[in-house]
Amino acid sequence: MANIVVLDGYTLNPGDLDWGRLEQLGSVTVYDRTAVADIAERAANADIVLTNKTPLTASMLEQLPKLQYIGVLATGYNIVDTEAARQRGIPVTNIPTYGTHSVAQFVFALLLELCQRVQIHSDAVHAGDWNSCPDFCFTRSPLIELSGRTMGLIGLGRIGGQVAKIANAFDMRVIAVGSGRSNPIPVQGVEWVELEQLLAESDVISLHCPLTPATEKLINAERLALMKRSAMLINTSRGALINEQDLADALNDQRLAGAAVDVLSVEPPVPTNPLYTAANCLITPHIAWATKEARARLMGTAVDNVQSFLSGETIHVVNR
C-alpha cells in the first residue's frame with residue numbers, strides 16, 4: 001500500500017471537501033500546512049507527496065530516498081525542482097485545468113468593482129447617506145461602462161479565452177498577445193496584435209500568461225508608460241509578472257486609472273509591499289481559483305493523477 005503524504009492540504013480542502021477517494025489508494029496523512037524545516041521528517045517515509053506551495057528543492061529531494069512521485073496541487077509547478085526530480089526518476093504532475101471559469105469570473109468581479117464600486121456605495125447607504133440625500137440617487141465615485149471599450153489580454157490560453165468570451169458578452173473589443181497565437185483558443189472576435197499596440201490601445205489589460213524568465217516583471221515602468229492614463233490593469237495570474245513598485249508609482253502619479261490584483265510577488269505579502277498604499281488598487285488574497293466547484297475539480301484530477309501513476313500510466317507529467 002502506498003504511503004501518501006499531503007504537505008499543505010488546507011487551502012485545497014479547508015473542510016468542505018472529502019479526501020475519501022485518495023484514501024482508497026493508500027495510507028494517507030494530510031497536514032494543513034508544513035514548514036520547510038518539517039518537510040524531511042513528515043515526508044521521510046512517503047512514496048507519494050502532494051504539495052501546493054510547500055517547496056521541494058533539489059536538496060530536499062536528496063533527503064527523501066523513498067519518494068517515487070510528486071503531485072502538485074496547482075497548475076503552476078515552480079515550487080518543485082522538476083529537473084532534480086527527473087534526474088532521480090521521480091515524475092512530477094500538475095493540474096492543467098480546473099479553475100478556468102472561476103478565475104475568468106473573478107477577473108470580472110475585480111473589473112466591475114473598479115468600474116462600479118459596489119461596496120463603497122453599499123457602505124454609504126448603510127451609513128445613512130441615502131436617507132439624508134436631497135436627490136433620489138448619489139455617487140461616491142465615477143461609474144464606468146465597459147461596452148465599446150477595449151480589453152487587452154496578455155495570454156490567450158484556457159482562462160484568457162474564457163475572459164475573451166465574457167468580454168465579448170459585454171460588447172467589448174478584445175485584442176490579445178501571447179504564446180497562444182500559434183495554437184489559439186477558438187474565440188470569435190479576438191484580434192491578435194503586438195504587445196506595444198495592446199498596451200497603447202487597451203482600456204483594460206488582463207494578465208493570463210505563465211511566469212517565466214521572459215515574463216518576469218513584464219509590466220514595468222517602461223510598459224506602463226505606454227498605457228492610457230484611463231486604463232486599468234488586472235492580474236489573476238502570477239504576482240511577479242508585475243514590477244510592483246513601478247505599478248504603485250504609476251497609480252500614485254495618476255498615470256494609470258486603477259489596478260486590481262489577486263496575486264503578489266511574495267505570498268503571504270510583506271507589510272512593505274508598495275501596492276498596499278497605492279492609489280485605487282484592489283488586492284485580494286489569491287482566491288480567484290478557490291470556489292468550491294474549482295477546488296473539487298482540482299482534487300478530483302489530483303486523485304486521478306495518483307491513480308494513473310499507481311497503475312503505471314502516469315498522466316499530466318511536467319518533467320519527462
query: Is one or more of the residues making up the stretch 169-185 modelled with pLDDT under 95, within 26 Å of Ser265 (Cα to Cα) and surrounded by fewer than 16 Cβ atoms within 10 Å (Cβ to Cβ)?
result: yes
task: Please work out if Glu191 is in the same structural domain as Glu145 (by TED's automatic domain parsing), more than 15 Å from the chain's Cα centre (by Cα), part of a strand (DSSP E or B) and of a type outside the set (Ser, Thr, Tyr).
output: yes
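Could you check, for the stretch 266-274, whether at least one of its residues is outside any loop (DSSP other than H, G, I, E, B), at pLDDT 95 or above and within 19 Å of Ile120 (Cβ to Cβ)?
No, there is no match, as no residue in the stretch 266-274 is outside any loop (DSSP other than H, G, I, E, B), at pLDDT 95 or above and within 19 Å of Ile120 (Cβ to Cβ).
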- request: Please go through the stretch 272-320 and pick out each residue that is surrounded by fewer than 17 Cβ atoms within 10 Å (Cβ to Cβ), over 20 Å from the mean Cα position of the chain (by Cα), closer than 30 Å to Leu251 by Cβ and hydrophobic (A, V, I, L, M, F, W, C).
  value: Ala279
message: Just checking, does the stretch 210-226 include any residue being touching a strand residue (DSSP E or B) at 6+ places or on another chain (Cβ under 7 Å) and among the small types (Gly, Ala, Ser)?
response: no
message: Restricting to the stretch 1-26, and then to whatever is surrounded by fewer than 18 Cβ atoms within 10 Å (Cβ to Cβ) and aliphatic (A, V, I, L, M), can you tell me which residue is farthest from Ala290 (Cα to Cα)?
response: Met1
query: If you check Ala250, Ala259, which single one turns out to be in the same structural domain as Gly160 (by TED's automatic domain parsing), modelled with pLDDT of 95 or more, closer than 27 Å to Asn78 by Cα and not in a loop (DSSP other than H, G, I, E, B)?
result: Ala259
- request: Determine, yes or no, whether Glu62 is closer than 26 Å to Trp289 by Cβ, charged (D, E, K, R) and surrounded by fewer than 20 Cβ atoms within 10 Å (Cβ to Cβ).
  value: no
query: Do you know which residues across the stretch 262-320 are farther than 21 Å from Gly20 by Cβ and acidic (Asp, Glu)?
result: Asp262, Glu267, Glu313
- line: Here, helices (runs of 4 or more DSSP H) confined to the stretch 1-93 with at least 1 residues that are of a type in the set (Lys, Arg) are 20-23, 39-42, 82-87
message: Could you tell me how many of the residues in the stretch 65-78 are under 18 Å from Arg42 (Cβ atoms) and surrounded by fewer than 20 Cβ atoms within 10 Å (Cβ to Cβ)?
response: 3
query: Which residue out of Val270, Val306, Val266 is under 30 Å from Ala200 (Cα atoms) and either in contact (Cβ under 8 Å) with a residue 60 or more places away in the chain or assigned by TED's automatic domain parsing to the domain that holds Leu111 (or both)?
result: Val266
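Tell me the residue from Thr215, Thr236 that is crowded, with 16+ Cβ neighbours inside 10 Å and modelled with pLDDT under 95, please.
Going through Thr215, Thr236 in turn, the sole match is Thr215.
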statement: If we keep only residues of the stretch 97-130 that are small (Gly, Ala, Ser) and touching a residue at least 12 places away in the same chain (Cβ under 8 Å), then the residue farthest from Gly258 (Cα to Cα) is Gly99
- request: Kindly indicate whether any position in the stretch 27-45 is over 15 Å from Thr11 (Cβ atoms), in contact (Cβ under 8 Å) with a residue 40 or more places away in the chain and crowded, with 20+ Cβ neighbours inside 10 Å.
  value: no
- prompt: Considering Asp129, Asp81, which residue is at pLDDT 95 or above and crowded, with 18+ Cβ neighbours inside 10 Å?
  reply: Asp81
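The values are calculated or read from the model by the stated rules, or taken from the named source; none is laboratory data. In this text, all values refer to a predicted model and were calculated from it rather than measured experimentally. Every residue, glycine as well, gets a Cβ built from its backbone with ideal geometry; the counts of neighbours run over all protein chains shown.
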